[in-house]
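Input: a single structure, listed below in structure tokens.
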Amino acid sequence: MRDHTPHNNPQTDFNEEDSNTSANPRFEQVLDTRLSRRSLFKGAGMAGAALGVTAVTGCATTGASATSVDRLGFKPVAKSLADAVIVPEGYTAQVVYALGDPLTASTPAFKNDGTDADFEHRAGDHHDGMEWFGLDASGKPSNSFNSRGLLAMNHEATTDEQLSSFFIHANGGTATLPRPAAEVDKELAIHGLSFVEVHSDGKRWAYQPGSAFNRRVTTMTPGAIHGPARGSEHLVTKFSPDATQCRGTLNNCGTGKTPWGTFVSGEENWYGYFFRDAKDDDARKKDKHVQALKRYGRKAGAASRHGWESAGPQDQYVRWNNGALAASAKADYRNEMNTFGYVVEMDAYDTQAPMRKRTGLGRFAHESVAFAKPVAGQPIVAYMGDDARGEYIYKFVSDAKWDPKDASPANRLAAGDKYLDKGTLFAARFKGDGSGEWLELSMNNPVIAGSSYFEFKSNADVAIFTRLAADAVGATKMDRPEWNGVHPRTGEVYFTLTNNSNRAPESTNAVNPRSYKDMKGSKEQKGNVHGHIVRLADASSAAAAFKWDIYVFGAEADADKSSVNLSSLTDENDMSAPDGLVFSPATGICWIQTDDGAYTDKTNCMMLAAIPGKVGDGGARTVKHGDREVTTYVGKTPTPTTLARFLVGPKGCEITGWCETPDGRAVFVNIQHPGESTKMADVNDPAKYQSQWPANAGYGAGKRPRSATIAITKNDGGLIGS
Ligand code: FEO
Ligand code: CA
Ligand code: CA
Ligand code: CA
């Protein structure tokens, strides 16, 4: 999802959602033991020791063992404004799977002129997070076969102006209400997930249009509610009066792969798709739902992103109106929005099994889910972020203890039931001394059970109204937590904090220490303009303490090194708005992807390769804001052999989603929303498109830009990035 509102669309910038008005204690008030960094680390051979913290080691992936690369081996790619995918010398990038590509043998080829239909059987739009599920030559699941597999991916959103997804409609579609049903039907189908078979003949990667494994999940696909919220009164809808079923997944952003071999996907900016009229607060008699709806960004009377609720009286349209319209929740969709905002689990190999919404992992603007390496007899631990300004970092700890036999279970979703339906959620509080604590979000915590801030009656309420629970316990408001990943060697977890235009000098703190001004041409940008990446050395799974530092600060290379470019980035590795972050199971390289609107006067979005150290390998730095000083902890300064730009994308795109073959010799990456600043009025004038990718790379019909998956290989067949 784009970060910055394009010029043509003043209405929607859903990542900029800004509803955390909770009066959480500012972090500098809740600390402060005033431990110096020196005393914290004194005598500690490893960063965690001073707090009794032992890092959880290993990565979550099944299959390939890490062949650690300790030095990047490619020549860094220069910043670029070209309408092309640029990779290092000696590498090749090919387009594999783009918006509209047919997934069945009988679906017509994609014309890419806005007349195509049947998107239930085509690739969706805005390819995002992505995971690899290997197949062997006979089509059986494999963690070692390298030339055949399934890509499981998110189709987060669509390129829109005002209300219309204009590139999929012949003349750009209808940007006023009511929306025509035929247009809405297409838009309902381009969101969701796809599972697509890909294979290599040794020279080229291609997708398999007629594969029996290909599958789409859309905003209309039925699913099951699992975990503590199953059966809750707050999930009762006309579709599922017993609150056990739901329809669709929406705005899926980051992904993950469980230790038992399933696909998980985070629902991010779902709230923008709903509408309730201006009188709805009164209709609900101002009950606790009104507080929750506001906290989740749905004010009464605010327009929905696409106006789907306006397309007719049929159920598939009416469900997007989440007002209290009928006599009871069983007769309307007042609770429909409460059925979104979860981590969705699916078995990539089973085309029949319905998705399961894992409510135990909380309801917020989910990005990726990173699992700590499972340890026999210990709980499963999953880390997650909530991407909006001032939102929180979370972890989930399962009740069930890991049984190594579950690494290849007979029934993968039953293993998901075992590990994800019962457990405890925590939110992170960061302290100024470089430590932190996990705050329990459950009825066992008297702060939740006795809260006067919001009425929690059960753990179902905590699962559904998670943001309010994290508010109540005083979690730390972060600069938009995006993806996260667990370092395969150290077990430390890295979170991108993409940017925060709301971060003011007076609200800076040790873990969100920057607020500054930056020029983009003649436009002044402010706050934490370029984002940063925080890392946590967590305790053994159930422990409540962690240590942290800032692995790297995004910045423009020529920015002031005392206040902005704190990691001394250079032309080889300067970046803005880190978003995607995945550690390679094969090489240990950390891949960092950007979704930027701040540095795009100088470069399109990019992907960098990194070989990070560990928490505490740098030192304390003081950032001045007038007469206010904030002390933070910055990781060791990267060099071009430990952090380097590997790829730059075409115009108007973000780079997102990453997976690889088990041998680490083919990497798949998504190019999302190339050409997103194209004006709807120019939809039939290719000369005015911001981008013509991937048509200009020789892929497919028409010139309308398309989100797409690329495969990257090294010409000598080597490990990617080595
Ligand atoms: Fe879909 Fe937070 O990016
Ligand atoms: Ca600038
Ligand atoms: Ca993202
Ligand atoms: Ca983003």
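What follows is calculated from the coordinates using simple rules that are stated; it is not laboratory data. From a predicted model like this one, the values you see are computed outputs, not experimental measurements. For neighbour counting, all protein chains shown are included, and Cβ atoms are generated from backbone atoms with ideal geometry for every residue, glycine included.
Tabulated results
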read-out	value
Residue within region 580-587 that is within 19 Å of residue 511 (Cα to Cα) and in contact (Cβ under 8 Å) with a residue 40 or more places away in the chain present	yes
Residue within region 533-542 that is of a type in the set (Val, Ile, Thr), away from ligand 2 (no atom under 16 Å from the Cβ) and touching a residue at least 12 places away in the same chain (Cβ under 8 Å) present	yes
Every pair of residues 6+ apart whose Cβ atoms lie under 6 Å, when the first sits in region 673-685 and is under 16 Å from residue 702 (Cα atoms) while the second is outside any loop (DSSP other than H, G, I, E, B)	682/688; 683/166
Residues (surrounded by 24 or more Cβ atoms within 10 Å (Cβ to Cβ) and part of a loop (DSSP other than H, G, I, E, B)) located in region 639-662	649, 650, 652, 653, 661
Residue list for region 577-604, restricted to those being within 12 Å of ligand 1 (Cβ to nearest atom) and among the hydrophobic types (A, V, I, L, M, F, W, C)	577, 581
Identity of the residue in region 372-385, out of contact with any helix residue (DSSP H, G or I) (no Cβ under 7 Å at 6 or more places or on another chain) and surrounded by 24 or more Cβ atoms within 10 Å (Cβ to Cβ), that ends up farthest from residue 429 (Cα to Cα)	374
Residues of region 260-281 classified as outside any strand (DSSP E or B), away from ligand 1 (no atom under 16 Å from the Cβ) and buried (at least 24 other Cβ atoms within 10 Å of the Cβ), total	4
Selection from region 408-428 of residues that are farther than 17 Å from residue 542 by Cβ and crowded, with 16+ Cβ neighbours inside 10 Å	409, 412, 413, 415, 416, 417, 418, 421
Subset tally (residues that are within 16 Å of ligand 3 (Cβ to nearest atom) and not hydroxyl-bearing (Ser, Thr, Tyr)) for region 125-172	12
Complete set of residues in region 478-494 that are within 12 Å of ligand 3 (Cβ to nearest atom) and of a type outside the set (S, T, N, Q)	480, 481, 482, 483
Of all residues making up region 358-373, the number that are touching a strand residue (DSSP E or B) at 6+ places or on another chain (Cβ under 6 Å) and farther than 18 Å from residue 344 by Cα	1
Subset of region 543-574 (residues that are within 20 Å of residue 381 (Cα to Cα), in contact with a strand residue (DSSP E or B) (Cβ under 6 Å, 6 or more places away or on another chain) and surrounded by fewer than 23 Cβ atoms within 10 Å (Cβ to Cβ))	544, 545
Matching residues, region 127-159, being more than 14 Å from residue 657 (Cα to Cα), of a type outside the set (A, V, I, L, M, F, W, C) and either part of a strand (DSSP E or B) or within 16 Å of ligand 4 (Cβ to nearest atom) (or both)	134, 141, 148, 149, 158, 159
Options 157, 109, 137: the member that is closer than 30 Å to residue 308 by Cα and surrounded by fewer than 19 Cβ atoms within 10 Å (Cβ to Cβ)	109
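Table: residues versus (1) within 16 Å of ligand 1 (Cβ to nearest atom); (2) within 20 Å of the chain's Cα centre (by Cα).
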site: 489; (1), (2): no, no
site: 492; (1), (2): no, yes
site: 527; (1), (2): no, no
site: 530; (1), (2): yes, yes
site: 541; (1), (2): no, no
site: 544; (1), (2): no, no
site: 547; (1), (2): no, no
site: 553; (1), (2): no, yes
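Listed here are the residues, each with its yes/no results for (1) within 17 Å of residue 432 (Cβ to Cβ); (2) not polar (S, T, N, Q).
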{"site": "497", "(1), (2)": "yes, yes"}
{"site": "508", "(1), (2)": "yes, no"}
{"site": "520", "(1), (2)": "no, yes"}
{"site": "534", "(1), (2)": "yes, yes"}
{"site": "537", "(1), (2)": "yes, yes"}
{"site": "555", "(1), (2)": "no, yes"}
{"site": "560", "(1), (2)": "no, yes"}
{"site": "567", "(1), (2)": "no, no"}
